[in-house]
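The values are calculated or read from the model by the stated rules, or taken from the named source; none is laboratory data. All figures in this text were calculated on a predicted structure; none of them were measured in a lab. Glycine also receives a Cβ, built like all others from the backbone with ideal geometry; neighbour counts cover every protein chain displayed. Calculation scope for accessible area: heavy atoms of the full protein, side chains included, ligands and nucleic acids excluded. Shrake-Rupley method; radii C 1.70, N 1.55, O 1.52, S 1.80 Å.
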Amino acid sequence: MVELRKRPAPAAPAEAPAKKKAAPKKAAKDAEAPVAETTDAKEDAPAPAAKSAKAGPPKEGDSIDLEGFGGEVETHDGEKTTLSKLTQSSKSGVVLFTYPKASTPGCTTQVQLFRDAYDELTATGLVIFGLSTDSPKANTTFATKQNIKYKLLCDPKATLIQAIGLKKSPSGTTRGVFVVNKEGKVLAAEAGGPAATVEVVKKLVKSLGGDAGAEGIKKVEEKADAEAGAGAEGVDKEVADTAADVADTAEKIDGAA
């Protein structure tokens with residue numbers, strides 16, 4: 001008798017590893033949404049405002065922030081100071097008259113004119129200073145020789161001279177005058193010759209209640225008239241002032257040679 005044997009059942013196939021479920025499309029879109037919003041936000045953000053053009057030098061009637069204005073300068077006797085300090089230590093404000101080079105003809109005339117009218121021009125509380133790019137040594141010699149009552153300011157980098165609009169390009173100093181009160185209001189700002197710069201302050205003093213007919217100012221006017229008429233009959237003050245500036249420039253060039 002033949003014995004029938006049952007064949008063993010085939011082994012069950014191994015189960016394939018389960019596949020990771022892909023993230024739902026909606027979730028993926030949601031994940032990308034913040035990026036899109038950030039991009040949109042950048043595109044929608046207003047562009048930064050363009051910087052305004054650099055303002056020019058202050059003019060008569062303007063108000064300036066005295067703190068830091070014009071940087072630091074030095075008096076001819078070696079004291080470091082600023083326009084802010086000078087203004088705050090005055091009674092009513094500061095007069096700055098600029099000159100190209102110490103001890104040259106036009107500049108000598110200018111410091112003498114301010115010297116001779118000093119008491120009258122400062123009667124309303126204004127304090128007078130000369131301002132140039134000269135060294136303390138050059139300005140000390142100049143001040144001593146001319147026996148002036150006021151101080152000369154040394155601004156070798158012309159930071160203050162440029163701030164008040166009296167720096168020549170590319171170098172040099174324009175003769176002129178700048179007056180500012182304790183509150184930072186500009187009372188005068190203009191270029192001019194030796195006599196013209198004194199005339200500006202004289203008119204300002206009169207408007208502030210000073211005596212424009214004082215003896216010192218009369219002497220200044222007489223001297224300015226005499227110098228304006230020197231050399232040729234009928235030469236006006238403007239021509240004389242221009243001649244003084246030319247002489248200053250010539251002497252400066254000769255000194256540098």
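The criterion of being under 22 Å from the mean Cα position of the chain (by Cα), aliphatic (A, V, I, L, M), part of a helix (DSSP H, G or I) and modelled with pLDDT of 95 or more does not hold for LEU131. Scan the stretch 124-145 for residues that are surrounded by fewer than 18 Cβ atoms within 10 Å (Cβ to Cβ) and small (Gly, Ala, Ser) and the total you get is 3. Close Cβ contacts (under 7 Å, 6 or more residues apart or on different chains) running from residues in the stretch 84-103 that are free of Cβ contacts under 8 Å to residues at least 40 places away in the same chain to residues that are open to solvent by 20 Å² or more (accessible area, probe 1.4 Å) comprise SER84/GLU67; SER84/PHE69.
Going through the stretch 87-109 one residue at a time, which ones are among the polar types (S, T, N, Q) and either farther than 14 Å from THR197 by Cβ or more than 18 Å from the chain's Cα centre (by Cα) (or both)? Don't jump to the end; show me each part of the working.
Going through the stretch 87-109, the residues among the polar types (S, T, N, Q) turn out to be 87-90, 92, 98, 103-104, 108-109.
Correct list: THR87, GLN88, SER89, SER90, SER92, SER103, THR104, THR108, THR109.
In the stretch 137-152, the residues that are assigned to a loop (DSSP other than H, G, I, E, B) never reach a residue that is exposed (fewer than 12 other Cβ atoms within 10 Å of the Cβ) with C-beta atoms less than 7 angstrom apart, at least six apart or across chains. Being assigned to a loop (DSSP other than H, G, I, E, B) and open to solvent by 50 Å² or more (accessible area, probe 1.4 Å) is the filter; apply it to the stretch 62-79 and report the residue that is nearest to GLY184 (Cα to Cα). For the stretch 62-79, the residue satisfying everything is ASP65. Note on the stretch 153-176: residues that are among the hydroxyl-bearing types (Ser, Thr, Tyr), open to solvent by 50 Å² or more (accessible area, probe 1.4 Å) and assigned to a loop (DSSP other than H, G, I, E, B) total 2.
If the condition is being outside any helix (DSSP H, G or I) and surrounded by 17 or more Cβ atoms within 10 Å (Cβ to Cβ), then the stretch 80-89 contributes only THR82.
The residue that is surrounded by the fewest Cβ atoms within 10 Å (Cβ to Cβ), among those in the stretch 90-104 that are touching a helix residue (DSSP H, G or I) at 6+ places or on another chain (Cβ under 6 Å) and more than 15 Å from THR173 (Cα to Cα), is VAL94. Look at (1) open to solvent by 10 Å² or more (accessible area, probe 1.4 Å); (2) outside any loop (DSSP other than H, G, I, E, B) and you find that VAL179 fails only one, number (1).
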